[in-house]
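Heads up, the thing below is written out as structure tokens.
The values are calculated or read from the model by the stated rules, or taken from the named source; none is laboratory data. Being a predicted model, the structure only gives us computed values, none of them experimental. Cβ sites come from the backbone with ideal geometry, for glycine too, and all protein chains shown count toward neighbours. These accessible areas exclude ligands, DNA and RNA; they are computed on the full protein's heavy atoms, side chains included. Shrake-Rupley method; radii C 1.70, N 1.55, O 1.52, S 1.80 Å.
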Amino acid sequence: MKEWPRILIEAVYPKLDDGRYPIKREVGDTLEVWADIIRDGHDVLAAAIKYRPRGEAEWREAPMRHFDNDRWTGAFPLEANTRYTYTIEAWTDAFASWQRDLDKRVTAGQDVASELEEGAALVRRAAARAGGADRADLEAAAARLAGGEAAEARARAAGDAGLARVMARWAERADLSRYDRELEVVVDRPAARFAAWYEMFPRSQGRVPGRSGTFEDCIARLDDIQAMGFDVVYLPPIHPIGRTHRKGRNNALVAAPDDPGSPWAIGNEQGGHKAVEPSLGTLADFGRFVEAARARGMEVALDYAIQCSPDHPYVREHPEWFYQRPDGSIKYAENPPKKYEDIYPLNFATADWEALWRELLSIVEFWIAQGVRTFRVDNPHTKPLPFWRWLIEEIEAAHPDVIFLAEAFTRPKMMRALAKLGFTQSYTYFTWRTTKPELTDYLTELTQTDVREYMRGHLFTNTPDILMPFLQEGGRPAFKIRVALAATLSSLYGIYSGFELCEGVARPGVEEYIDNEKYEIKVRDWDAPGNIKAYIGRLNAIRRAHRALQQYENLAFYPADDPAVLFYGKMTKEGDDAVLVAVSLEPGAARESALHLPLDALGIGPDQPYRAWDLLGDRALPWQGPVPRVRLTPEEPAIIFTLATRG
């Protein structure tokens, strides 16, 4: 007959899909673990979290405590950038049960001589397992419990808290039961949770129209990007660009002789995914750019796009890696009715799939060797999920500091699946959420439900492919609104270059920029009148100054009477930092609204005087009471503020 554990451990949290996938945290966090632990009878239980970092054979242990109604909780520190395994053990604490019952009998005036002998036996057995000073202390305690003192004095000695602590270390763990699975948490570096990204095309960083910018030009732009407060500079593909069926300006099917083509059509006779487009410079030049960014406190993120132009060396060397038509030709990429004749997709189900997968892994390893630690992955939802799980786990095992951002604007469950199986960060639908209910519901879903355990939502204001009507129609105020929202709703956000210049003209009939940078070289005046660079810089400075804005899961929404004013805030668990934000969602007119301040959550009484400070304007606000009014204008569409009790 099967032997079942005496103690039931269930309802463990956090746990993702019954332990099929790891949850996510960052170095320096403390992982809180909860569980229901149930045993028949009235004996005292004890429990502990067993945990260990990857590569360690021995388990570490963190105690759990009873919370209420058979619910237990405990926590352990996440000190290393690695993957941790954890589970739960529970047992009957015979000594604590004995102490409790002895105290009841003494209180009732009963004879406890026999019970003291039982306690002495428990302590002697623990002493036999103990070492060092603990053994001597336990032997002395056992002798006292069984010795010649009066029962009352021996009973008092039995209740000593120090004895209980030593016994907890060495006593036999009766009925020891272990949770029936081991769970995992991936512990990333802090940049996985907090970063501001700036996307730029290297070829558009030059000063001469029609001539490609270089990595040296990119280095010259870094001071400007640093001044705006960005942490990550993200580059679209920097590889040689295909010539066959090269796209022309504004996605024209036929390119002019001097059109540079799309960087996502990767590969020509000068190389593929491990080569650099010669007009940008050399691999050594790229290395200097990476170092220049690092010297300014920034890092470089590189696009990882798994697709090839018809001229890519893989097409010649490994035609079996591509989809073949009946006539022997290779299929180009399609998403009917869209056609991408300048791109060949790879066939992950090829008979030679293992060699293909290994080669794709080697691309990531190659750029890691060049100093890249962050990758924005293009369209991961069009590649097999098992491939991504394998690749990310392979990279994570050797390079746990690498970050993968999933660029997957697709079905919600697919976006979540990619996050579960390993992607560090995820693009979101933020770009399309513009109303108060849309923003409230979506950001609550991302940050206040179980989704937050595995999906870190990255709020990009725009991309080369996405220019929403809100930005097309709202002018400069709309750009201020969207960047204020992105920078404060999530700890992760980004902009695509040109956003700071309020570029908002779309190609007719589509949500995409006219004269799109994907198909041509642009030269911009980065200090053009009307830019919002100083505004963005101030937002990023506020983010860096306030730990509350550097956390992801601490977002809370509060009432604002105007339906076009969004009011929310973030505060640290310790309560030592809190930031509140009110943003107008109407770029074309001023809005006035009452804000219902969360004074109780901030530890401020309803009638207690407080001091309000505007962080964007760096000024005191003349507010009183729990429901002040705020006026937001097209020029100042957001207010970011703190509250503190006077004195």
Note to self: Looking only at the stretch 367-389, filter to residues that are outside any strand (DSSP E or B), open to solvent by less than 40 Å² (accessible area, probe 1.4 Å) and not hydrophobic (A, V, I, L, M, F, W, C); which one of those is farthest from residue 81 (Cα to Cα)?
What the structure shows: 383
Next item on the list: With the condition kept exactly as written, say whether any residue in the stretch 299-308 is in contact with a strand residue (DSSP E or B) (Cβ under 9 Å, 6 or more places away or on another chain), open to solvent by 20 Å² or more (accessible area, probe 1.4 Å) and assigned to a strand (DSSP E or B).
Entry: yes
Next item on the list: Considering only the stretch 23-88, give the strands (runs of 3 or more DSSP E) lying wholly within it that have at least 3 residues that are touching a residue at least 24 places away in the same chain (Cβ under 8 Å) and among the small types (Gly, Ala, Ser).
Entry: 45-53
Check: Going through the stretch 129-149 one residue at a time, which ones are surrounded by fewer than 16 Cβ atoms within 10 Å (Cβ to Cβ) and over 19 Å from residue 98 (Cα atoms)?
Finding: 129, 131, 132, 133, 136, 148, 149
Margin query: Within the stretch 345-355, does at least one residue satisfy the condition of being part of a strand (DSSP E or B) and either surrounded by fewer than 17 Cβ atoms within 10 Å (Cβ to Cβ) or basic (Lys, Arg) (or both)?
Written below: no
Next item on the list: Of the conditions (1) over 25 Å from residue 533 (Cβ atoms); (2) touching a strand residue (DSSP E or B) at 6+ places or on another chain (Cβ under 8 Å), residue 287 clears all except one; give me its number.
Entry: (2)
Checklist line | Output for the stretch 563-575, where each listed residue is modelled with pLDDT of 95 or more and either open to solvent by less than 20 Å² (accessible area, probe 1.4 Å) or over 20 Å from residue 442 (Cα atoms) (or both) | finding: 564, 565, 566, 567, 568, 569, 570, 572
Check: When the residues of the stretch 325-344 are filtered to those that are assigned to a loop (DSSP other than H, G, I, E, B) and out of contact with any strand residue (DSSP E or B) (no Cβ under 9 Å at 6 or more places or on another chain), which remaining residue is surrounded by the most Cβ atoms within 10 Å (Cβ to Cβ)?
Finding: 329
Next item on the list: Look at the stretch 403-430 and say how many of its residues are over 18 Å from residue 20 (Cβ atoms), within 18 Å of the chain's Cα centre (by Cα) and surrounded by fewer than 20 Cβ atoms within 10 Å (Cβ to Cβ).
Entry: 3
Item checked: Residue in the stretch 150-157 that is in a helix (DSSP H, G or I), modelled with pLDDT of 90 or more, out of contact with any strand residue (DSSP E or B) (no Cβ under 9 Å at 6 or more places or on another chain) and open to solvent by less than 40 Å² (accessible area, probe 1.4 Å) present -> no
Next item on the list: Considering each residue of the stretch 449-473, count those that are crowded, with 17+ Cβ neighbours inside 10 Å and either under 28 Å from residue 262 (Cβ atoms) or among the acidic types (Asp, Glu) (or both), and give that number.
Entry: 14
Notebook entry, point to check: So which residues in the stretch 283-298 are touching a residue at least 12 places away in the same chain (Cβ under 8 Å), open to solvent by 20 Å² or more (accessible area, probe 1.4 Å) and not charged (D, E, K, R), if there are any at all?
Noted result: 283, 287, 297
Check: Say we look at the stretch 474-518 and pick out the residues that are of a type in the set (Val, Ile, Thr) and buried (at least 19 other Cβ atoms within 10 Å of the Cβ); which of these is nearest to residue 548 (Cα to Cα)?
Finding: 488
Checklist line | Subset of the stretch 300-327 (residues that are of a type in the set (Phe, Trp, Tyr) and either more than 21 Å from residue 370 (Cα to Cα) or modelled with pLDDT under 95 (or both)) | finding: 314, 321, 322, 323
Notebook entry, point to check: How many residues are open to solvent by 40 Å² or more (accessible area, probe 1.4 Å) and modelled with pLDDT of 95 or more if we restrict to the stretch 1-17?
Noted result: 6
Item checked: Those residues of the stretch 184-205 which are surrounded by fewer than 22 Cβ atoms within 10 Å (Cβ to Cβ) and among the small types (Gly, Ala, Ser), in sequence order -> 191, 204
Check: List the pairs whose first member sits in the stretch 504-525 and is over 22 Å from residue 208 (Cβ atoms), whose second member is small (Gly, Ala, Ser) and part of a loop (DSSP other than H, G, I, E, B), and whose Cβ atoms are under 7 Å apart, counting only residues at least 6 apart or on separate chains?
Finding: none
Notebook entry, point to check: Which of the residues that make up the stretch 93-124 are aliphatic (A, V, I, L, M), surrounded by 14 or more Cβ atoms within 10 Å (Cβ to Cβ) and over 21 Å from residue 176 (Cβ atoms)?
Noted result: 102, 106, 112, 116, 120
Next item on the list: Could you check, for the stretch 390-398, whether at least one of its residues is in a loop (DSSP other than H, G, I, E, B), closer than 22 Å to residue 233 by Cβ, at pLDDT 95 or above and open to solvent by less than 10 Å² (accessible area, probe 1.4 Å)?
Entry: no
Notebook entry, point to check: Filter the stretch 206-245 for residues that are among the hydroxyl-bearing types (Ser, Thr, Tyr) and open to solvent by less than 30 Å² (accessible area, probe 1.4 Å); which is farthest from residue 378 (Cα to Cα)?
Noted result: 212
Note to self: Quick check on my filter: what residues within the stretch 171-183 are under 40 Å from the mean Cα position of the chain (by Cα) and open to solvent by 60 Å² or more (accessible area, probe 1.4 Å)?
What the structure shows: 173, 176, 178, 180, 181, 182
Notebook entry, point to check: Given (1) more than 30 Å from residue 453 (Cα to Cα); (2) open to solvent by less than 60 Å² (accessible area, probe 1.4 Å); (3) over 26 Å from the mean Cα position of the chain (by Cα), where does residue 535 come up short, assuming only one miss?
Noted result: (3)
Notebook entry, point to check: Quick one: is residue 54 touching a helix residue (DSSP H, G or I) at 6+ places or on another chain (Cβ under 9 Å), open to solvent by 70 Å² or more (accessible area, probe 1.4 Å) and either farther than 23 Å from residue 164 by Cβ or of a type in the set (A, V, I, L, M, F, W, C) (or both)?
Noted result: yes
